[in-house]
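Worksheet for the structure shown next.
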Amino acid sequence: MSMVSETPTSHDQHGRYPEATTVEDVRRNLAAVQARIVAACQRVGRDPATVRLLPVSKTKPETRLRLAHAAGCRMLGENKPQEAYRKWTSMQDLTDLRWSVIGHLQTNKAKLVARFATEFHALDSVRVAAALDHRLQLGGRTLDVFVQVNTSGEASKYGLSPDAVPAFLQLLPAFTTLRVRGLMTLALFSSDAERVRQCFVRLRELRDRLRQDAPPGVVLDELSMGMSGDFEIAIEEGATVVRVGQAIFGARPMPDSYYWPGEPSTQEPKT
Ligand SMILES: *Cc1c(COP(=O)(O)O)cnc(C)c1O
């Protein structure tokens, strides 16, 4: 077996990452994650500059987000539109801080996202695309978007089935404010590294297949995949954006089923 295929998940760390409470903590955690990104790139001969680390600050209070900014973060990921909007509103003094919404969006929240977000990683319906485009037009803004794909086959996961992606992409040029950058996925939440890897492989192969025939303006350069427990495997399989929360900010107080409704069956029990 190659070294690459032996890279484990670190889902056993889930819920155990120590809370970062100082700017030094955040700096140290960012450096540790960056070092792991570099090592993963080296295993597969990739240039680390082709992988962007997106720190995910969901559930963390504004004071912690300000630490991250002081530590050099200029874009933060949030999965709930209202929470993100509230944080954006109260942190307007940090004029160089940008926001990436990475979680499922309901049509009636598109208005919020269109106001402040720079990126949206979870596009999975025409209705949401239309709602975003409408609001972005009104505000004279554009939005970088990633199409979310369900690569694990779990009914509880959001995202389009891989089969539905080609036709979906064909509809997107109509929404001129949306700049399609690539695909996004959440892998199976499992300590079975091979099955996790298969999710990432599926996303990359889908992207490679669709790239040539992508409609005008739809650019499929990016693969947003990998989080604290599996970002090294994602990088080995081609991730260009890794969304990392706990390994930077510390564990969240509630299990992920709380943030990702409908997913408790995929969670492993915490000890
Ligand atoms: C929370 C979240 C992440 C980051 O998860 P961590 O375990 O904190 O690294 C990544 N992607 C999405 C969509 C999320 O909601």
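The values are calculated or read from the model by the stated rules, or taken from the named source; none is laboratory data. Quick caveat, the model's predicted, so the values are computed rather than measured. When we count neighbours, we look across all protein chains shown, and the Cβ atoms used for this are built from the backbone with ideal geometry, even at glycine. Ligands, DNA and RNA are excluded from the accessible area calculation, which covers all protein heavy atoms including side chains. Shrake-Rupley method; radii C 1.70, N 1.55, O 1.52, S 1.80 Å.
Taking the stretch 88-220, how much of its Cα-Cα pair set, in percent, is spaced more than 24 angstrom apart?
Values: 2790 of 8778 pairs.
It works out to 32 percent of all Cα pairs.
What number comes out for the charge environment of GLN246, summing +1 per Lys or Arg and -1 per Asp or Glu over other residues with Cβ under 9 Å away? Before the final figure, lay out each step's value.
Working: positive: ARG16, ARG252; negative: none.
For residues surrounding GLN246, the net value is +2.
Send over a whole-number figure in Å² for the accessible area per residue of the chain, probe 1.4 Å. Display every interim value, and only then the final one.
Working: 11840 Å² over 271 residues.
Roughly 44 Å² per residue, with all protein chains present.
Below 11 angstrom from the Cβ of VAL56, what's the summed charge of the other residues (Lys, Arg +1; Asp, Glu -1)? Could the numbers behind the result be given before it?
Working: positive: LYS58, LYS60, ARG243, ARG252; negative: GLU78.
Around VAL56, the charge tally is +3.
So for the stretch 23-261, Kirkwood radius off the Cα pairs, Stokes-Einstein at 4 °C and 1.567 mPa s: how many µm² s⁻¹?
On the way: Rh = 18.0 Å.
Value of D from the Cα-based Kirkwood radius: 72 µm²/s.
Compute the distance from the alpha-carbon center of the stretch 193-226 to that of the stretch 59-81, in whole Å.
Spelled out, the Cα-based centre of one part sits 27 Å from the other.
Using a probe of 1.4 angstrom, how much of the accessible area of the chain is carbon and sulfur, in percent? The partial results should precede the final answer.
On the way: 6250 of 11840 Å².
The C+S portion of the solvent-accessible surface of the chain is 53 percent.
If packing is taken as the average count of other Cβ atoms within 10 Å, what order do 35-41, 120-126 fall into, highest mean first? Don't skip to the end; give the middle numbers.
Working: 35-41: 17.1, 120-126: 22.3.
Packing proxy ranking, top to bottom: 120-126, 35-41.
Straight distance only, please: which lysines reach the Cα of LYS80 with their own Cα at less than 16 Å, same-chain residues fewer than 8 apart left out?
Filter leaves LYS58, LYS60, LYS109, LYS111, LYS157.
Let me have the relative contact order for the chain, percent, based on Cα pairs under 8 Å that are six or more residues apart.
Numbers: 514 pairs, mean separation 66.6, N = 271.
Once normalised by length, the contact order is 25 percent.
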